[in-house]
Structure formats: structure tokens, C-alpha cells
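So the structure is just underneath, and the comments pick up after that.
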Amino acid sequence: MTEHSSLDARAQEILARLQRMRQADAPTHGGRVLSYVYDPGNAQLDALAAQAMEAARPLNGLDPTTFPSIAAMEGELVRFATRIMHGRPRHVFGTVTSGGTESCLLAVKTARDLWREANPRSRARPRLVTLSTVHAAFQKAARLFDLAWDPVPVQADGSARAEDVLAHLGTDVALVVLSAPAYPTGAIDPIAQVAPHTRARGISLHVDACFGGLALPWWDGAPAWDFAVPGVTSMSADFHKFGYAPKGVSVLLHRGRARHRRQFFATTSWPAYPVVNPTLLGSKSASPLAAAWAVVEYLGASGYAQAVASCRRSAYALAAAAERIEGLRLWGEPTGPALALIADDSVPAYRRVDPHRWADAVAAAGFHLQHQPGSVQADGTRLPRSVHLTITPVTESVLPELLAALEQAADTVRGRRPHDAAVLGRVAGALYPGGRAPSPRTCGVLLKLAGVGGGVPGKMAPLMALIEALPAAIAEALLTELLARTSEE
Ligand SMILES: *Cc1c(COP(=O)(O)O)cnc(C)c1O
């Protein structure tokens, strides 16, 4: 436990209580959680980030003219991101945001505003074309900024076809989003194949590299995915993922000053200080920015290249294991530090491994993988339930133990039938037709009945089966209830 010698007794007791609460948390270091956390396995970086955060703690990121250090650090981060993503200096401009979601939201808002400007007389609701594997942040953006989300189905193996995206283009499309890579599969979308067409039609094209932006620049053999592709108009990349900065920092880059400026909000129409906000927040912490800046200074391109080389070795080892373990297989063709596994339908059911039962068994061995429920696409085709692994440099240090845990867990659950909540799904659908959702109280009862009430579930497979079986509105209400209740005790 940390010593806080300069603090009085009361302050020390408060911090001791925080430390006790922190003991309930999943381990953020050491490679045991293969999602959420991005551990470079380097204690220097943690100490550096902590001190940089502390140095910037009193600042308000609201006003870089009062606190010029913020503008200086932001400029350096934006130029670093521009360089590694092949943006021409003085042609690409950008902003540091509070995270991937904020970068995505602002990319959509900017494109919508530009579309409205270009189509002043259109009565159409602008459309947001993505693949169905796009990050959920874009659904959020469509809802917040009133666009019609138009998800293009992918193939059952998770791969996307350029011609399917092109078939969705039209004059009402404000933005096309492609991913590098898509989070669920780890696959890079056909960016170079789509871009010439959006470009010819004057449609904005965002590449969501929130996940891969700080890894793919050093991943040899990746298909073209960045500003080197003409027609890519904006890109997002998260420093709080493979940039190894603490949470709260991402970047959004635009091709051209005019596009970048469309992202801003400014007003003089109130009786206080003139407001100009490049992002969604007003007052904001500069600490994540300072930490990201310090980590980038420390690692430089060569440090990131080394980190990526480690991720790559682990990714290949894990992909090979996925092919080797009977009853499971790799989902599609990932490029980069993420992959997903699905059940291998080519073996008989008694040799098959249900991925969600498997991930629960892996969790019992101390490694936390991420369950992804199966889903139905807009055209009625199904995507399989899967398990996601995010691979970081620290993964390599636990690789033998991890591989053994993956194989043993498969042996434990091989042949067991997948969880199925279809009956409950049909009953719930009959009770709550037409997208209606149950009340918070009923949701609580349903969660108890399904055995997932009372805080965060230790076994995820039954909850995932429930999500797959229930109408989306009910599943979303249940998840809302589950999360809301975590802080009500
Ligand atoms: C992480 C991520 C985002 C944004 O998520 P945040 O959790 O808000 O940082 C967007 N797209 C992809 C592909 C991602 O992996």
C-alpha cells in the first residue's frame, strides 16, 4: 500500500479505503484481462504517465490560450498522429478528445453539418452508412445527431465486401465509416476499395482507427487503411489504447482546415465569456493529454514499433492455437492486435466448443476474455457468438500459461451444449411487443429469474444467451438495469 506521509490522518484513512475498494477490481496489469486495459508491461511508462498527469492536474483544458502548455502538447500529439497515419503536414488538422467515443461522435457531427451545408434544401434525414461490425459509438452518434444508421451486413465470416458498401451510397449519405480494424473481428475493412467511390461522389469517409491507429503503422503487411488513401476525409485513433496512455485521450484528424473547423462549437450569444469548444466537453482535465504526450515522447516511433512486434508474435501464436484447438476456430481474417474465436461448425456437436462456455472456463483459470453475443443483421443473416481477445505487449509474458489455459478450458467444455434462452425470449417478446421495454422493477425480477441479478455476473454465458434471445429493446433495458444497480447498493 502506498505511503502518504504528507497527508493528515483523515486523508490517509480515505486513501486506505480507496485502496480497499480497489482490491475488488480486475487486475489492470499482468496480461490477465484481454480487453479494456492496454498494458505495455513497462513500469517506467506508468510512473511517467502518473507524474505527467499530476503535473497537469490543476489545469483546465477549456482554454489553451490561458494555459498554453495544453496547446503545445496537443499540437505535438496531433502532428505525431498525422505523421504515423500518412497525413501530409499542413493538410491534416486535428483535436485531442476525451476518448474514442468522443472522436467518433465528433466525426459524425462534423460530416452531418457539412452535408447539411452542401444540401440546404434537402428534406432527407442524412444517412450514416457503416458495416454492421462498426463500433457502437457510431450508433450512439446517429441517435444523438439524428442521422439514420444504415448498417451494411458483413459475410458470416465477418469479412466485408466493398460492393455491398457501394450499393448503399446515395445523395442522402452524410458519412461512410470503415474500421481499421473492426473491434468484433479484428479485420480491416475494404478502405482502399470504397474510398475512390465516396471521393468521386463527394461523400465523407471516416476511418475509425480508434483500436488500430497506434498499432497498424508498425504492423507489416496491413492493407492500406489511412490518409495515404485519397478519399479518406477523417480518422480517429485512441491514445488510451495502443498509445498506452491512461484512459481519457484520443485524437480526431480531418483532411483540410475547413473540415476540422466544422467540428467546433462557438457562441457569443450569452452574457458570459465567449465560448469556443473544439470538443463536446467544456471544462476538462488536461491530465490524460499530458500523460499521452509524455508517453509518446518517451516511446517514440521506435518504442511503438517494438511494442507492436511483441503484439504480433502473440497474435500469431494465439491464431495458431485457435486453429489447433478442436471445436473452435478463428473468426475471419484479423489484421492487428485483436482476434475473435467462434465455434467450429465443421466438427460434430459432441466435439464442438461453445465459445461462451469456453470463455467462462478460461476465466476460472484466471484469464478474462470478452464474450460477444451472436446477432442478427439487417438482412436477417446471423453472425455467430464469439469471444474477443485484445493482445497487448504484456500478453507475451504470460503466453505459455495463457495458451495452456485456453486448451484446458476447451477440453473442459467440449461437447457441452450452448446456453439457450429461446423460450424466455419468446415469452418476453409476447409480453412486451413492438419494442416496448419492461419497467426497472420488472427488469430486476427478470435478471433474478435468469440468474444474473445481484451485481456483475461471474458467469457470462447465461447472460449472453439471454441477450441473444430477447428482443433488442428488452435486452437493452435489462443491461441498463444491470449496470444502474451496480452503484445502488
Ligand atoms: C475503443 C473503440 C472505439 C471507442 O471507444 P472508447 O471506449 O470510447 O475509447 C471506437 N471504435 C473502435 C473500433 C474501438 O475499438
> Out of (1) touching a residue at least 40 places away in the same chain (Cβ under 8 Å); (2) more than 11 Å from the ligand (Cβ to nearest atom), what's the single condition that is false for Y183?
Replying inline: (2)
> Pick from segment 189-202 the residues that are in a loop (DSSP other than H, G, I, E, B) and either closer than 17 Å to R259 by Cα or more than 11 Å from the ligand (Cβ to nearest atom) (or both): which of them is most open to solvent (accessible area, probe 1.4 Å)?
Replying inline: R201
>> What's the total number of residues in segment 256-271 that are open to solvent by 50 Å² or more (accessible area, probe 1.4 Å) and either part of a helix (DSSP H, G or I) or of a type in the set (A, V, I, L, M, F, W, C) (or both)?
In response: 7
> In segment 203-213, what count of residues is obtained for those that are part of a loop (DSSP other than H, G, I, E, B), within 15 Å of the ligand (Cβ to nearest atom) and in contact with a strand residue (DSSP E or B) (Cβ under 6 Å, 6 or more places away or on another chain)?
Replying inline: 3
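May I ask you to say which residue of V275, V249, V173, V207 is open to solvent by less than 40 Å² (accessible area, probe 1.4 Å), of a type in the set (V, I, T) and in contact with a His (Cβ under 7 Å, 6 or more places away or on another chain)?
V249
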>> Looking at segment 166-179 only, could you name the residues that are within 16 Å of the ligand (Cβ to nearest atom) and in contact with a Pro (Cβ under 9 Å, 6 or more places away or on another chain)?
In response: L175, L178
>> When you scan segment 14-34, do you find a residue that is more than 25 Å from the chain's Cα centre (by Cα), part of a loop (DSSP other than H, G, I, E, B), of a type in the set (V, I, T) and over 20 Å from E396 (Cβ atoms), even just one?
In response: no
> What are the residues in segment 430-489 that are open to solvent by 80 Å² or more (accessible area, probe 1.4 Å), among the hydroxyl-bearing types (S, T, Y) and in contact (Cβ under 8 Å) with a residue 12 or more places away in the chain, if any?
Replying inline: T480
> Do you know which residues across segment 250-274 are in contact with a Phe, Trp or Tyr (Cβ under 7 Å, 6 or more places away or on another chain) and under 26 Å from A55 (Cα atoms)?
Replying inline: S250, V251
> Here is a list of conditions, (1) within 21 Å of P40 (Cβ to Cβ); (2) open to solvent by 10 Å² or more (accessible area, probe 1.4 Å); (3) within 16 Å of the ligand (Cβ to nearest atom), and W218 meets all of them except one; can you say which number that is?
Replying inline: (3)
>> Given the options A224, A228, name the one that is open to solvent by less than 60 Å² (accessible area, probe 1.4 Å), in a loop (DSSP other than H, G, I, E, B), out of contact with any strand residue (DSSP E or B) (no Cβ under 6 Å at 6 or more places or on another chain) and away from the ligand (no atom under 12 Å from the Cβ).
In response: A224
> Which one is farthest from A215 (Cα to Cα) among residues in segment 231-251 that are away from the ligand (no atom under 11 Å from the Cβ) and part of a strand (DSSP E or B)?
Replying inline: S234
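The values are calculated or read from the model by the stated rules, or taken from the named source; none is laboratory data. Since the structure is predicted, the reported quantities are computational estimates derived from the model, not experimental observations. Reconstructed Cβ throughout: ideal geometry from the backbone, glycine too, with neighbour counts over all protein chains shown. Side chains included, ligands, DNA and RNA excluded: accessible areas come from the protein's heavy atoms. Shrake-Rupley method; radii C 1.70, N 1.55, O 1.52, S 1.80 Å.
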